[in-house]
Structures are given as C-alpha cells and as structure tokens.
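Written out below as structure tokens is the structure these notes cover.
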Amino acid sequence: MTRLLAAVLLLSLGGCAAYRSVFPEPVAPPAPAPAAAARSESDAIQKIPFRTGVSSATVEKLARQQACTGGQGAGLVTEPGPVEVYRMVCDDGKVFMARCELRQCRQM
C-alpha cells in the first residue's frame, strides 16, 4: 500500500513538473532606457523625401476641394506602381492623404 501511495505521489509530482515546462514563467519586461540615452524628437521622426508621382496634380485638385492648399504639393509616399499613396501638408497644418489605384484617386 505504501508503495502504491509513493508511486501515485511520484507521478503527480512528475505531472506538475511537466505542466510547468509547457507553460514557462512569464518574463519581466525590459527596463526603460535611461534619460541620458533618450533621443531627441527630431531623431525619432522618419522623414520621407518629397517625390512627385503621376497623380500628384489630381491629388492636389482633390485637396483644394477640401480647402487644403500646401507649399510643395502632393508627394508620393509609396513606391510607384498601380496603387500609390500621396500625402500633402496643408497650410493650416493638417495632412491630406489620397490613395490612387490605376490613376483613380480617392481621399483616405
């Protein structure tokens, strides 16, 4: 009887160990970076160079219909192709974006 009890106890403890290996302990999140190593705001923002695309004039016309006029105009954000995304910064600081598929443009 004691051998049976010892075997059951041993199997139940072995089962707990197997359960723990399937679900590992949670890992603590990494500590935040020190303030001295923090980057300035201008370093954290990715700048996209201004590029015109085949539908830039169409997007600028759509933007004017929404009372958006800008300095440089509509710039291509994605790679040239059948589907393109354009971005235009308005004079009041708002951003106008449009998606053009096969030169058919719509406001985003």
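The values are calculated or read from the model by the stated rules, or taken from the named source; none is laboratory data. What you see is a predicted model; the values in this text were computed from it and never measured. Here the Cβ is made from the backbone with ideal geometry for all residues, glycine too, and neighbour counts use every protein chain on show.
Given (1) at pLDDT 90 or above; (2) of a type outside the set (S, T, N, Q); (3) surrounded by fewer than 12 Cβ atoms within 10 Å (Cβ to Cβ), where does Ile48 come up short, assuming only one miss?
It is condition (1) that Ile48 fails.
For the stretch 57-75, enumerate the residues that are assigned to a helix (DSSP H, G or I) and crowded, with 18+ Cβ neighbours inside 10 Å.
Scanning the stretch 57-75 gives Val59, Glu60, Leu62, Ala63.
Looking at the stretch 80-108, which of its residues are surrounded by 14 or more Cβ atoms within 10 Å (Cβ to Cβ) and outside any loop (DSSP other than H, G, I, E, B)?
Glu84, Val85, Tyr86, Arg87, Met88, Val89, Phe96, Met97, Ala98, Arg99, Cys100, Cys105
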